[in-house]
Amino acid sequence: MSRHSLRLRLGLAAAALIALALLLAGIGLTVILDRVLDARTADGLDRTAKLIAGRVGLAPDGRPTLSREPPDPRFATPYGGLYWQVEAGSHVLRSRSLWDRSLDLGQADAAGTIDTTGPDGGRLIAVVQPLTIGPGGAETQLRVIVAEDRRNLAASRTTFLRLLVPALVALFVVLTLAMALFVRRALAPFRVLQADLLAVHAGTRTRLPEHFPDEVRPLVADLNRLLDAQERALIRARDAAADMAHGLKTPLAVLDALARRTDADPILSAEIAEQARAMGGQVERALARARIAASGDLRRRSCRVAPVAERLVATLRRLPEGDSLAWAVSVPDTLAYPGEEGELMEVLGNLLDNARKWAHRRVRLTGAMDAKRLSLAVDDDGPGMSAAAIAGIGRGQRWDETRPGTGFGIAIARDVAEAAGAQLAFGRSELGGLRAELTWPGG
C-alpha cells in the first residue's frame, strides 16, 4: 500500500490509538495494583498489630512485655523485612528483626498507616495501633507498630508487570488485527464501487448500481449524474459532427461534378477535384470520429478479432488487385479488440486496404497474445517506405498519386484505435514492405 492509502492511514491511526489506550490501561492497572497491595498489606499488618496488642503486658518497672511473639519467622530474622515494636513511654520492646534499631514514627498516636524508614534504610509501610492497659486511674498508654519493607511489595509489582506487559502486547496485536479487518470491511463499499466503475469502463454497465450504504450513496448518485451528462455531451458532439459532415457532402459532390464538366479548364478542374477529395477525406474522418464518440471510453465493449478479419479479407479479395494477392491470416480465436466490431472494421479495413493497394503478391495478417500485451499486425511485400515517410503517416498525405484514395484512411484508423486505448505504429516489414502494428494492453 502507498503512503497515500486511506486504508493505511486508518490502520496506522487505529494502531496508534490502541497503543495509547493500552499504555494508559497498563499505567492505570499498575496504580490500582499498588493501591490494592498497600491496602492488603496494611490490613495484614493491622491484624498482626491487634494480635500483638492482645499479648502485651507491663512489667513492674513499666516496661512492656509480650507473652508470645508472632509466629512469622521474618520477625526473628535481622532485617528480615517484617518488624514490630511496642512503645510505653520511654520504654521500647521490639522484634529481633530490628536488631539494635528502632522504628521512628515521631508523635503519631492515632491509628492509621504511614510510611517510614527501616533499619537498613529501606522504605516501610507501617500500621500504628494505640493501646491503653492497666486498672482504672492508672492506665498506661502504649503504641504498637507493625511494619513491612516495601521491597516485598515491589517484588509482587515486578511479577505483575512481567505478566501484564506480554498480555498487553498480545492484546495490541489482536486488537490491531481486528481493527485492520474492521477498516477493510468499512472500505469494502469503495472496492465494490471501483469494480462497478471498471464494469462501466468495460461497457458491461451503463450506470452504477445504488445498493450502497447511505454514506456512499450520494457519491454514487453524483457519479451517475456525471455519466449521464457525459453521455448527453457525447451524443450532442456526435450529432453536431455528423450534421456538419453530412452538410458538407452535398457541396463537395457539386464541386466534384463541376470539376468533371468537359467544358471546364482541365488544370482548374484537376485542382478543384483534388481539393474536393481532400475535403471529402476530412468529412469521412469527422464521420468516423462521430461514430466512435457514440460509445465513449466509459461505454466501450470488446469483440473477437478473428471473425472480423476473415470477413474483411473475403471482401478485399473481390476488389481490384485483391484476387491476385496471397492473403495469409493467423489470428488466435481468443484475441479480443477493446472496442466494438464496427470500430475494429474501421481500423483493420483501412490497414488491409492500404496493404492491398501497395502489395506485389503477399499480404499477411497476424495476431499475438501475452499476459501484458496484445497485438495485430498487417505486413505487405510492397515497395515499403523510408523512415521519414513513415514518420509522416497519418496526417492525410498521399504518397503516390497513382493510387486511388484521399490519404485519410490511416489517419481515421489511428483516431479510432487511440479512442479504444490502442496504439498504431508503422515500420519496415520482414516481407519487404510496410508493417502496420496495432497494440493494446492485455489482461
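The values are calculated or read from the model by the stated rules, or taken from the named source; none is laboratory data. What you are looking at is a predicted structure, and each value in this text was computed from that prediction instead of being measured. Don't worry about glycine lacking a Cβ; one is built from the backbone with ideal geometry, like all the others, and counts go over all protein chains shown. With ligands, DNA and RNA removed, areas are computed over all heavy atoms of the protein, side chains included. Shrake-Rupley method; radii C 1.70, N 1.55, O 1.52, S 1.80 Å.
Numbers below:
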item	result
The range 158-176: number of residues that are open to solvent by 80 Å² or more (accessible area, probe 1.4 Å) and either not in a helix (DSSP H, G or I) or not aliphatic (A, V, I, L, M) (or both)	1
Subset tally (residues that are crowded, with 16+ Cβ neighbours inside 10 Å and under 26 Å from L431 (Cα atoms)) for the range 331-342	4
Flag if D256 is modelled with pLDDT under 80, surrounded by 16 or more Cβ atoms within 10 Å (Cβ to Cβ) and out of contact with any Ser or Thr (no Cβ under 6 Å at 6 or more places or on another chain)	yes
Count of residues meeting criterion [of a type in the set (G, A, S), farther than 16 Å from V308 by Cα and surrounded by 18 or more Cβ atoms within 10 Å (Cβ to Cβ)] in the range 348-393	3
Unique match (being out of contact with any Leu (no Cβ under 9 Å at 6 or more places or on another chain), outside any helix (DSSP H, G or I) and of a type outside the set (S, T, N, Q)) among P209, P189	P209
First in the range 423-441 and closer than 14 Å to N350 by Cα, second anywhere and in a loop (DSSP other than H, G, I, E, B), Cβ under 8 Å, 6 or more apart	L424/G394; F426/M385; F426/I393; L434/G382; L434/G384; L434/M385; R435/S429; L438/A422
Among the residues listed as D72, D46, the single one being acidic (D, E) and either closer than 18 Å to R151 by Cβ or touching a Lys or Arg at 6+ places or on another chain (Cβ under 6 Å) (or both)	D72
Close pairs (8 angstrom Cβ cut-off, 6 or more residues apart or separate chains): over 18 Å from R123 (Cα atoms) in the range 69-88, outside any loop (DSSP other than H, G, I, E, B) and polar (S, T, N, Q) anywhere	P70/T48; D72/T48; A76/S97; A88/T140; A88/Q141
Near pairs, Cβ below 9 angstrom, 6+ apart or cross-chain, from the range 127-142 (in a loop (DSSP other than H, G, I, E, B)) to any residue that is at pLDDT below 90 and open to solvent by 50 Å² or more (accessible area, probe 1.4 Å)	G134/L58; E139/T132
Any pair with Cβ under 8 angstrom, 6 or more apart, that starts in the range 312-330 at a residue that is outside any loop (DSSP other than H, G, I, E, B) and open to solvent by 40 Å² or more (accessible area, probe 1.4 Å) and ends at one that is modelled with pLDDT under 90 and of a type outside the set (K, R)	R317/D323
Search result, residues across the range 223-238 that are under 13 Å from V200 (Cβ atoms) and either open to solvent by 70 Å² or more (accessible area, probe 1.4 Å) or not in a helix (DSSP H, G or I) (or both)	L226, Q230, E231
M345, sole failed condition from (1) at pLDDT 90 or above; (2) aliphatic (A, V, I, L, M); (3) assigned to a helix (DSSP H, G or I); (4) open to solvent by 50 Å² or more (accessible area, probe 1.4 Å)	(1)
Selected residue (only one of A88, A108, A59 is among the aliphatic types (A, V, I, L, M) and in contact with a His (Cβ under 9 Å, 6 or more places away or on another chain))	A59
